[in-house]
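Below: the structure, in structure tokens.
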Amino acid sequence: MTFKVLISDPLSEEGIQPLQEAKEVEVTINTGLKPDELKAIIGEYDALLVRSQTKVTRDIIEKASNLKIIGRAGVGVDNIDLDAATEHGVIVVNAPDGNTNSAAEHTMAMIMSLARNIPQAYYALKNQRWDRKKYVGVELKNKTLGIVGLGRIGAEVASRAKGQRMNVVAYDPFLTEEKADEMGIGYGTLDEVLQQADFITVHTPLLKETHHIINRDAFAKMKDGVRIVNCARGGIIDEDALFDAIVSGKVAGAGLDVFEEEPITDHKLLELTEVIATPHLGASTVEAQESVAIDVSQDVVNFLTGGGIARNPVNLSSVPKEVMKKIEPYFHLAEKMGAFLSYLTKAAIEEINIYYSGELADLEVSPLSRNTVKGLLKRHLGDHVNEVNAAFLAEKKGITIKEHKTSKTKGFTNLLTVTVQTKNGVRRVAGTLLNGLGPRIVKVDQYSVDVVPEGHLIFVSHKDQPGVIGRVGSLLAEQDINIATMQVGRSDVGGDAIMMLTVDRHVEEAGLQQLTELVDINAVTAIDL
Ligand code: NAD
Ligand code: MLT
């Protein structure tokens, strides 16, 4: 099988080597496409790799009938409609670490350039003006740098600013006093940071709550003569408010790498001498571009050809490699258990409960839950259900999914139990991995069994009476259906019982009907896993 990958933004040639070298992957580089041009061709591709120029909108995702993965060579995924991707079962991966250093260095370059008017002085000198008085700057030493958003880049900027002997104070909803102490920086509310800082730099993602987080009110709280830097995302700072704050003299200077609309060359902020700017260059270093392209290419190759595992998923919770290694062997079992239950469930599912016991209870198991739900939904919703959209599709159908963890193992090293609640009651299946033997279903409802969740199964619920097993065997023989294995279980003598058969081929509807009509049979379900 060959997977077709489209690269629609310029990416580092060295960085895309993993894709170019992958045997089952065919790479097309086609950059600068207009939205309609991309829409017209995206249906052919299994993967799309972008930087920030390509806007991967809902329209495009809806046309992308084969698309499985979108790779973003960088951090920000605001150019990708994540909801649309999730709904269509497309995983989005990014490269969160590869450009941290470059973006932090660019931020420091902005801070230093602002402090010493380097771009303005350079421009004057190039224009034959030797103007020493006009470009008197300020020192960074002993000034306070306020950081809004202390994630990867914010933290790197903090440590560099300390190297410049600045005092650093940060605001981040996840920053604790202990963590700030450990980093040797101060911490405060957003207002406190705004009030104390001589320089302010923003490093949040662009989200609903961070859109225009630096607005007129925020400028009013700042010190007079503050300098402000945005190397994160346009839209975090309200550009109109910034313009007015500079014109009024409240803000002494601004260093902008990003704008609300990009690309842009005609902008009122660019006309102000107090504004220095670069065209979104924060991550534009040889090192960062190579690193993000390698990270995202490897994730795309692994995902397409290596069993669906991505290291940096954005629309799925990410699981550390070591944990993934432990839970991966259960993926298949979880999906098959979900599929098994989908056959036993005859009414609309209201609630799915997934119980993890034993060692699994100590691990991040969300990928297993997603595989279980995928298995449950796939039979009715079709092949477009995958681990990315399974939970979303379940939610859309009004199904509640609950995960539970318990250390009780009931004799197994690990046990995965799934129950499904419908208006008719609860159905239950439990499974495990047996050392050296692979996946097993070990319980169906209240009955213990030992079944490999593969192939064609027949689940019979019947009365525990002499002759029932014989009648089922004879009828299957008449239909030329060979029984490979058979298990029986009962709650009490003469009470309810089950038979679990594995057979060599699918049982037709008519055959099932005949089985159902046998004496002492309550229900028969054919299960194809
Ligand atoms: P990150 O996820 O590591 O850090 C973001 C931080 O912002 C998190 O710690 C989060 O808690 C914090 N945050 C979220 N909402 C907040 C709020 N309301 N107030 C304060 N803090 C808040 O991300 P990162 O890798 O450090 O990237 C930061 C930004 O830089 C992103 O917007 C990213 O897209 C951008 N970026 C730009 C360039 C460039 O070329 N200019 C390069 C790389 C990254
Ligand atoms: C990012 O979010 O990683 C940056 O905007 C870098 C980029 O792609 O230019």
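Points worth noting:
- Which numbered condition Val136 fails, given (1) in a loop (DSSP other than H, G, I, E, B); (2) touching a Cys at 6+ places or on another chain (Cβ under 8 Å): (2)
- If only residues of the stretch 46-74 that are within 16 Å of ligand 2 (Cβ to nearest atom) and under 15 Å from the mean Cα position of the chain (by Cα) are counted, the one that is nearest to Asn386 (Cα to Cα) is Ile70.
- Residues located in the stretch 381-433, provided they are open to solvent by less than 70 Å² (accessible area, probe 1.4 Å) and in contact with a His (Cβ under 8 Å, 6 or more places away or on another chain): Asn389
- Exactly one residue among Gln128, Gln164, Gln120 is in contact with a Leu (Cβ under 6 Å, 6 or more places away or on another chain) and farther than 19 Å from Lys223 by Cα, and that residue is Gln164.
- Top-ranked residue in the stretch 486-514 [being among the acidic types (Asp, Glu) and at pLDDT 90 or above; ranked as most open to solvent (accessible area, probe 1.4 Å)]: Asp504
- Remark: pairs (first residue in the stretch 43-57, without any contact (Cβ under 8 Å) to a residue 12 or more places away in the chain; second residue outside any loop (DSSP other than H, G, I, E, B) and away from ligand 1 (no atom under 16 Å from the Cβ); Cβ separation under 7 Å; 6+ apart in sequence or on different chains) are absent.
- When the residues of the stretch 307-318 are filtered to those that are over 16 Å from Arg152 (Cβ atoms) and open to solvent by 50 Å² or more (accessible area, probe 1.4 Å), the one that is nearest to ligand 2 (Cβ to nearest atom) is Ser317.
- Which listed residue, of Val449, Val373, is farther than 11 Å from Ala334 by Cβ and aliphatic (A, V, I, L, M): Val449
- With respect to the conditions (1) at pLDDT 95 or above; (2) away from ligand 1 (no atom under 11 Å from the Cβ), Gly235 lacks only one, and its number is (2).
- In the stretch 13-42, the residues that are within 16 Å of ligand 2 (Cβ to nearest atom) and either in contact with a Pro (Cβ under 8 Å, 6 or more places away or on another chain) or touching a residue at least 60 places away in the same chain (Cβ under 8 Å) (or both): Gly15, Ile16, Thr31
- Residue ID - farthest from Ala115 (Cα to Cα), chosen from residues in the stretch 225-254 that are assigned to a helix (DSSP H, G or I) and open to solvent by less than 20 Å² (accessible area, probe 1.4 Å): Ala241
- Taking the stretch 196-219 as the range and being in contact with a helix residue (DSSP H, G or I) (Cβ under 9 Å, 6 or more places away or on another chain) and within 16 Å of Leu242 (Cα to Cα) as the test, the residues that pass are Phe199, Ile200, Thr201, Val202, His212, Ile213, Ile214, Asn215, Arg216, Asp217, Ala218, Phe219.
- Residues that are aliphatic (A, V, I, L, M) and either over 21 Å from Phe259 (Cβ atoms) or more than 13 Å from ligand 2 (Cβ to nearest atom) (or both) within the stretch 75-106 comprise Leu82, Ala84, Ala85, Val90, Ile91, Val92, Val93, Ala95, listed in sequence order.
- Among the residues of the stretch 276-333, those that are polar (S, T, N, Q) and within 16 Å of ligand 1 (Cβ to nearest atom) comprise Thr278, Ser284, Thr285, Gln289, Ser291, Asn312, Asn315, Ser317, Ser318.
- Residue, least open to solvent (accessible area, probe 1.4 Å), within the stretch 515-529, restricted to residues that are farther than 20 Å from Tyr447 by Cβ and either among the acidic types (Asp, Glu) or under 45 Å from the mean Cα position of the chain (by Cα) (or both): Asp528
- Members of the stretch 216-246 found to be of a type outside the set (A, V, I, L, M) and under 18 Å from Glu261 (Cβ atoms), listed by number: Asn230, Cys231, Arg233, Gly234, Gly235, Asp238, Glu239, Asp240, Phe243
The values are calculated or read from the model by the stated rules, or taken from the named source; none is laboratory data. All values reported here derive from a predicted model rather than from experimental measurement. Cβ coordinates were reconstructed from backbone atoms using ideal geometry, including for glycine residues, and neighbour counts include every protein chain displayed. All accessible areas refer to the heavy atoms of the entire protein, side chains included, with ligands and DNA or RNA removed. Shrake-Rupley method; radii C 1.70, N 1.55, O 1.52, S 1.80 Å.
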